[in-house]
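The values are calculated or read from the model by the stated rules, or taken from the named source; none is laboratory data. All figures in this text were calculated on a predicted structure; none of them were measured in a lab. Just the protein is used for accessible areas: all its heavy atoms, side chains included, with ligands, DNA and RNA removed. Shrake-Rupley method; radii C 1.70, N 1.55, O 1.52, S 1.80 Å.
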Amino acid sequence: MELERFRVGLTPTVFYLPAFITDEEQTQLLNHIYGASGSKWKTLKNRRLQNWGGMVHEKGLVPQELPSWLTKITAKIYESSGLFPSAINHVLINEYHPDQGIMPHQDGPAYFPVVAILSLGSPVVMDFSPHLRLRSGDDDISRDQCPGAESCVPERDNPHSFSVLMMPRSLLIFKDEAYSDFLHGISDSPTQCYNKVVNEAEALALSTTNSENSNEDSRKDNDKILNRDQTRVSLTCRLVPKVHKNLFRF
Ligand SMILES: O=C(O)CCC(=O)C(=O)O
Ligand SMILES: [Fe+2]
């Protein structure tokens, strides 16, 4: 696949792949996710999540085999992107109600610095803002070691900040500076503005010809407003290069 044609925005490097999976694949994934045992969910303050692939520690992964319904998708991402040096071995599934989000954060140091996020359900806007190191020249990087531990409020009006509209069934991939020098987050507002997203044309191209989105977009004072009227589920697919085969030999 020629990934270059999916590049969006000016910051290296963000790819947005609309309709990466079919409607049927989306339904199958949601059935598996909601069919998982209730104890698989971990409830955080502002969202629920399922952890697949094992426990991520600062020093690496204590692995657990991914189920085949997930390797089907991670293999497709691995093969079609060509960006991971070996197979994706960790998937975090986040569930967000319309008034939930994820605070601006940077992904933890255990991961290979490429992330692929598959979106299901409600569309949502993800905001990227340069973290302190870019803003003030110091080295104070805020990290999200275990996703959910967040910090640092981004400057919304910073000229380097940008946003991406994530439609259902799309795949967002980011790496390089977008990964290392920016925080990413999703506001907890049930209405989000998508005026300044870097992929508006790509994201909306499909939704106008295809009535999958019942959420009605509205406009207020020239702001393009997205109404999050459904739950969103995302699959954050990553590689933890260092795998601990033996829990006691850390
Ligand atoms: O749900 C998303 O799109 C983002 C999730 C995320 O940033 C993470 O799990 O680290
Ligand atoms: Fe993240």
query = Can you work out ³J(HN,Hα) from phi for every residue in the range 97-114, in order, using Karplus 6.51 cos²θ - 1.76 cosθ + 1.60 and θ = phi - 60°, giving whole Hz and x for Gly and Pro?
reply = 6, x, 9, 10, x, 9, 4, x, 7, 10, 5, x, x, 6, 8, 5, x, 9
note = Scalar couplings 3J(HN,Hα) for the range 167-175 by Karplus 6.51 cos²θ - 1.76 cosθ + 1.60 (θ = phi - 60°), nearest whole Hz, x for Gly and Pro, are 7, x, 6, 8, 10, 10, 10, 9, 7
ask   = the range 32-54 to the range 64-98: how many Å between their Cα centroids?
value = 15
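How do Thr22, Thr43, Thr13 rank by accessible surface area computed with a 1.4 Å probe, from largest to smallest?
Working: Thr22 70, Thr43 105, Thr13 5 Å².
Solvent-accessible surface, decreasing: Thr43, Thr22, Thr13.
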key: Over the range 37-108, volume per residue of the alpha carbon convex hull, in Å³   = 140
query = Rg to Rh for the range 6-53: what is it, with Cα atoms only and Rh by Kirkwood?
reply = 1.13
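Round to a whole number: what % of the accessible area of the range 19-124 belongs to carbon and sulfur, probe 1.4 Å? Could you put the intermediate results ahead of the total?
On the way: 2560 of 4710 Å².
C and S atoms contribute 54 percent here.
Quick one: Cα convex hull volume of the range 63-104, Å³ per residue? Write out the running numbers ahead of the final one.
On the way: hull volume 5.6 nm³, N = 42.
Enclosed volume per residue, from the Cα hull, is 134 Å³.
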